[in-house]
Amino acid sequence: MSFNKQELVQSTTFADQKRKTVEVAEFTEDGRYKRKIRSFVLRTGRLSEFQKHAMNQHWHFYGLEHQNQLFDFKSIYANDNPVILEIGFGMGHSLVEMARQNPHFNYLGIEVHTPGVGACIANAVEKDVKNLRVICHDATEILRDCIADHSLAGLQLFFPDPWHKAKHHKRRIVQTHFVEKISQKLAQGGFIHMATDWENYAEHMLTVLQQVKELKNTSITNDYIPRPEFRPLTKFEQRGHRLGHGVWDLYFTKK
Ligand SMILES: C[S@@+](CC[C@H](N)C(=O)[O-])C[C@H]1O[C@@H](n2cnc3c(N)ncnc32)[C@H](O)[C@@H]1O
């Protein structure tokens, strides 16, 4: 499975039509649209021809859609390997790299930013990575509707949007109900690995993770772990480095 940049075609097929929204609309009992607090702003960034081509040609292999039914991981990956979920993979470089380095795990990435999804698929095609699937949808709905309880070996959340202003903190994806939901989806011994370059968000993550009784902190100092070698540098982490930010990694396991 590969393609070269010369093969790119002008296309208004699948990838162009793909994203107008990344949520399922919900309504109140009297039929009014229910406004949700979202952890993201849907950016309108255009797909490059390269990303578009990758999505058009390879979505059938790499792409999964939201459904009102649980995913059957065994049939999706054609094996029984443990599944690691990454939410908000951005352009997907670190996700593809982890999948490449760990062929005995299956990776599932969720991202609402369509060009990121296209870039991730293009990169996976280029590296011939097969143990990866991606979804372009709001992760909270995927968790609610498509992921079976106790079915995940781990959850990765790297550099989620920090929503700096206090009045926006309610938009942070890390909230007690979100972590409880993740914990419910983890198999026993499964992990939650978060990283951020925003100290105030790191403190918030720690407080929330500590509140969930089924989770145990692996940090010997009971707070953060040293940056693990196995986590590839992400795009946002690089940006944080340039701005002189620190990095905080949190790694909890399910008892
Ligand atoms: C700050 S970026 C970090 C990207 C990447 N992890 C990195 O470190 O380079 C956060 C990403 O999370 C995505 N995101 C935020 N909320 C999401 C949600 N509910 N479902 C899926 N993706 C989400 C955003 O679109 C954005 O690309």
Revision key, fill the gap. Sorted by chain and number, the residues with a modelled amide H under 5 Å from that of His245, at a separation of 5 or more or across chains, are none
**Study point:** the stretch 194-255, dipole about Cα centre (Lys/Arg Cβ +1, Asp/Glu Cβ -1), debye to the nearest 20
**Key:** 220 debye
Study note, to complete from the structure: For Arg100, the net charge from surrounding residues (Cβ-Cβ under 9 Å; K, R +1; D, E -1) works out to -1
Point to revise | Shape of the chain, Cα gyration tensor, a/c cut at 1.5 | key: rounded
Study note, to complete from the structure: In terms of the charge dipole of the chain, which places +1 on Lys and Arg and -1 on Asp and Glu at the beta carbon, the residue among Gln184, Thr221, Phe236 farthest towards the positive end is Phe236
Revision key, fill the gap. With x for Gly and Pro, the residue-by-residue ³J(HN,Hα) of the stretch 103-116, computed from phi through the Karplus equation 6.51 cos²θ - 1.76 cosθ + 1.60 at θ = phi - 60° and given in whole Hz, is x, 7, 10, 9, 10, 10, x, 10, 8, 8, 8, 4, x, x
Exercise for review: Considering only DSSP beta bridges where both residues belong to the chain, give the percentage that are antiparallel (nearest 5).
Suggested key: 35 percent
Point to revise | Extension gain, Glu199 back to Asn68 (0.36 nm per residue minus Cα-Cα distance, nm) | key: 43.5 nm
**Study point:** 5 angstrom amide H check on Leu108, placed H, neighbours 5+ away
**Key:** Ile84, Leu85, Glu86, Arg133
Check your understanding: If the limit is 24 Å between Cα atoms, which of Lys181/Lys235; Lys34/Lys170; Lys34/Lys181; Lys36/Lys181; Lys165/Lys235; Lys36/Lys167 go over it?
Key -> Lys181/Lys235
Review point. Counting only residues 5 or more places away or on other chains, whose amide H sits under 5 Å from the amide H of Gly63 once H atoms are built in the peptide plane?
Key: Val134
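Bear in mind these aren't lab numbers, they're just calculated from the coordinates by the rules spelled out. Note that the coordinates shown come from a computational prediction; the quantities given were computed from them, not determined experimentally. FYI the Cβ positions are ideal-geometry reconstructions off the backbone, even for glycines, and counts take in every protein chain you see.
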